[in-house]
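Down below is the structure, laid out as structure tokens.
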Amino acid sequence: MAVTQESLMALQILDKEFTYTERDSMYYALGIGMGADQMDRQELAFCYEKGQKVMPSQATAIAFDDSIFWDCGIDVVKAVHGEQRLTLHQPLPAAGTVISNVQATDAFDKGEGRGAIILLQTVLTDKATGDKLCTMDSVLFARGDGGYGGPQGGPEPLPKSPMRPADHVVEFQTLDRQALMYRLSGDRNPLHCDPDFAAAAGFEKPILHGLCTYGHACHAVVRAACNYQPEKLLSFSARFAAPVIPGDMLQTHIWEDEDEIYFTTSVPEKELIVLSNGFATIDV
């Protein structure tokens with residue numbers, strides 16, 4: 001089935017309920033590399049039910065559901081995550097039940113052989129209180145679906161990092177099994193575990209989930225700019241610039257400008273930027 005502007009704009013999953021537990025929040029923390037030093041009490045708070053904290057980027061995993069793409073005509077094997085933008089309306093609880101509403105907000109045709117861009121917005125609401133928890137705007141780059149006759153254009157660009165030395169540099173070593181750990185949080189895309197599927201998508205080996213890299217960067221910002229107080233993070237956005245291979249070292253450069261935070265994440269040994277245009281806001 002070929003995609004059309006109408007089929008893309010009709011993409012939605014409404015009023016779907018997801019329940020997650022303290023254990024799920026611990027799995028997420030471990031999946032983004034936290035707890036490597038069991039004597040680090042600041043990280044332990046995210047991996048232990050005693051006074052448990054939640055990394056804000058866990059919002060991307062609580063209600064993960066990619067079923068929306070598998071029957072709309074998109075070439076899923078060639079589709080990749082382009083950007084992720086997250087706005088927190090209140091801190092995430094360590095456990096709860098949420099109502100998820102996902103809808104396409106726009107779609108752009110980059111032309112034959114150049115792919116299509118699909119914008120999706122997800123709103124998570126706490127079922128118990130009715131309070132809105134967060135709003136997420138995802139950009140999907142459907143590499144195999146350009147030239148379908150849709151409008152040209154693209155999403156509003158994210159800001160660029162300042163042209164000065166970073167205020168903080170944070171490094172995290174990913175594990176060879178990082179993707180296998182992270183997928184326990186819900187994203188079971190075989191691109192991240194199946195060598196044959198990864199080869200069909202044009203990769204030499206399974207790659208790390210973009211949202212796992214995003215979670216590592218969120219950890220870096222919460223550590224450097226929020227002193228491990230996740231409730232201070234109000235928004236967090238980045239562009240997925242290149243894939244990460246499990247086992248790569250991630251280095252995040254962070255610039256502070258009052259309540260605005262800019263960041264990039266790279267794999268220094270490959271001289272490769274993997275997250276660009278990183279931008280966050282914090283409560284100062």
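Amide H contacts of residue 161 (H built 1.01 Å from N, in plane; Pro and chain starts excluded): 277 sit under 5 Å, all sequence-distant by 5 or more or on other chains. Qualifying chymotrypsin sites (Phe, Trp or Tyr not before Pro) in the range 16-125, where qualification requires a DSSP coil assignment and no more than 11 other C-beta atoms within 10 Å, comprise 70.
The chymotrypsin sites (Phe, Trp or Tyr not before Pro) of the range 181-284 that DSSP puts in a loop, and whose beta carbon has at most 15 other beta carbons within 10 Å, are 203. Lysine pairs in the range 5-282 whose alpha-carbon atoms fall under 18 angstrom of each other, counting only those eight or more residues apart or on distinct chains, come to 7.
Beyond 27 Å, the tail of the calculated P(r) for the chain holds 38 percent of the Cα pairs. Of the trypsin sites (Lys or Arg not before Pro) found in the range 181-284, those that fall in a DSSP loop while having at most 13 other beta-carbon atoms within 10 Å are 188. Couplings 3J(HN,Hα) for the range 63-69, derived from phi with the Karplus relation 6.51 cos²θ - 1.76 cosθ + 1.60 (θ = phi - 60°), are 10, 5, 7, 9, 5, 4, 8 Hz, where x marks Gly and Pro. Listed peptides 151-163, 78-90 appear in the order 78-90, 151-163 once ranked by packing, highest mean of other Cβ atoms within 10 Å at the front.
Read-outs throughout are calculated quantities, based only on the coordinates presented, and are distinct from any laboratory measurement. If you're wondering where the values come from, they're calculated on a predicted model, not measured in any experiment. We place every Cβ from the backbone using ideal geometry, glycine too, and count neighbours over all the protein chains shown.
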